[in-house]
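Comments concern the structure below.
The values are calculated or read from the model by the stated rules, or taken from the named source; none is laboratory data. Small disclaimer: the values here were computed from a predicted structure and weren't measured. Cβ placement follows ideal geometry from the backbone for every residue including glycine, while neighbour counts extend to all protein chains displayed.
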C-alpha cells in the first residue's frame, strides 16, 4: 500500500507477542528467580541486565539474543532458560524435565553457576521452587495429593485449588523455606497439553513475583507511618495556633512551609512505589482469576488466601495513599486560611495607615494655615517697609510725618498680601 506506516507500528504490534508462554510437561521442575536493584541504587541500567544474561549464556555456549530485546527463551542443554526484563526487575526461569526424588531439594537452582551469581549487583526479590507431578489414578488421586501436601507445606497457610476445569491442582503455603525459596507444587492431569502446563507455570510465577513486588509498597507505607503521624500532629498544631491567634502569622507561616516541604518530599519519594503497588495488586488478582479456581477438599483457594493475608496489606497501602493525599489537601487549606488571615491583617494595617496619613494630612493642613497666617504678617512687614521707602520723599510735600504715612499704607498693604496668598492657595487646591 502507498500509505506510510507509523514509525512504531510494527514495534507496538510485536510487543503484544514479546512474552510468549513457555511449553513444559510433567514430571519436571521449575526454578524461578526475580532480581531487583536496591532501592537506594541509581537508575536501573538495562545494559547490565543484558550483560548478565550474556554472561550466563556464555557459560553454556548458547547464542546471544538480539539487541534491545526484553525477552529470551533458549535451550541450554540440560534445561531451558527463559529471561524477561521488566520495568523494575528481571526474571530468570529454568525449566527441567527431570524430577528429583527428594521434593524441593533446590537442585533446579544449581543451573545458576555460583560464580555467575556472585557477579550480580541486583538483589533477590523472590525465588520459586516449583515441582510438577502427574496425577495418579482418579480413585485415589485426592488422597495421595492431600498426604503429600501435609508433608510438604504448613497447614495453617496452605492454599490448594483445582484450576482450568480440573486440568491441574496447584498448592503453596507462600512461605520461604530453609534454603530461601517459595514452594509451589503442580499436579497435572496427564491429558493436559504442554502449552496449558506452561501457562499455569507462568501464572503461578507471576502471582508470586507481583505479590512480592506489591509488598514493597506495604513496607514503604509502614516505614512512612510515623512520619505521616508527626506531620498530622504538626498540621493540627498549626491549625490550633491559627485559631487561637496567639502566634504571629510569620511564625505560623514558617512552620507551615516546613511541614509542606516535608510532606511534598515524602509524597514525591513514595508516589512511584504506591502507584506501582496498585498496578501489581491488580495483576495478582487478575492472574488468580484466569486460573478459574475450584475448591479442593475444603481447602482455602488462592483467592481466599489473598483475601485473608494479602488484601489487608494492600488496603493499608491504599489507606496510606489516601491519608497522604488528605495531608497534602490539609496543608493546602491551611495555607489558604493563613493567606486569608494575612490578607485581612494586612488590610487592617493598610486602613490604619490610611487613617494615620489622613490625620497627618489634617495636621499638615492646619500647620500650613498657621504658617500662611504668619507668612502674611512677615510679607506685609517687608511690603510696608518697601512701600514706605517709596513714599517717604512725598511726605515732606504734604507736611505728613513718616510714621503717619506708614500707618496709612499698612492696612491696604496687609489686605493686598492676604488676598494674594489666598488666591495662590486656591489655585493650588
State which residue is nearest to residue 50 (Cα to Cα) when the search covers only the stretch 118-133 and only residues that are modelled with pLDDT of 90 or more and surrounded by fewer than 14 Cβ atoms within 10 Å (Cβ to Cβ). 119
Confirm whether residue 136 is part of a loop (DSSP other than H, G, I, E, B), within 20 Å of residue 299 (Cβ to Cβ) and either without any contact (Cβ under 8 Å) to a residue 60 or more places away in the chain or not assigned by TED's automatic domain parsing to the domain that holds residue 188 (or both). yes
Determine if the stretch 42-49 includes at least one residue that is within 18 Å of residue 124 (Cβ to Cβ), in the same structural domain as residue 183 (by TED's automatic domain parsing) and at pLDDT below 85. yes
Number of positions in the stretch 10-25 that are at pLDDT 85 or above and either within 33 Å of the chain's Cα centre (by Cα) or loosely packed, with under 11 Cβ neighbours inside 10 Å (or both): 0
Any residue in the stretch 307-322 that is surrounded by 16 or more Cβ atoms within 10 Å (Cβ to Cβ) and within 16 Å of residue 263 (Cα to Cα)? yes
Return a yes/no flag: does the stretch 211-229 have any residue that is at negative phi, in contact with a strand residue (DSSP E or B) (Cβ under 6 Å, 6 or more places away or on another chain), assigned to a helix (DSSP H, G or I) and surrounded by 18 or more Cβ atoms within 10 Å (Cβ to Cβ). yes
Determine which single condition residue 272 fails, assuming it passes every other condition in (1) under 28 Å from the mean Cα position of the chain (by Cα); (2) in the same structural domain as residue 154 (by TED's automatic domain parsing). (2)
Flag if residue 390 is out of contact with any strand residue (DSSP E or B) (no Cβ under 6 Å at 6 or more places or on another chain), part of a helix (DSSP H, G or I), at pLDDT below 90 and not assigned by TED's automatic domain parsing to the domain that holds residue 262: yes
If you check 331, 282, which single one turns out to be outside the structural domain of residue 174 (by TED's automatic domain parsing), under 29 Å from the mean Cα position of the chain (by Cα), surrounded by 10 or more Cβ atoms within 10 Å (Cβ to Cβ) and touching a residue at least 12 places away in the same chain (Cβ under 8 Å)? 331
Out of 95, 109, 104, which single residue is surrounded by 17 or more Cβ atoms within 10 Å (Cβ to Cβ) and either at pLDDT below 85 or under 24 Å from residue 193 (Cβ atoms) (or both)? 95
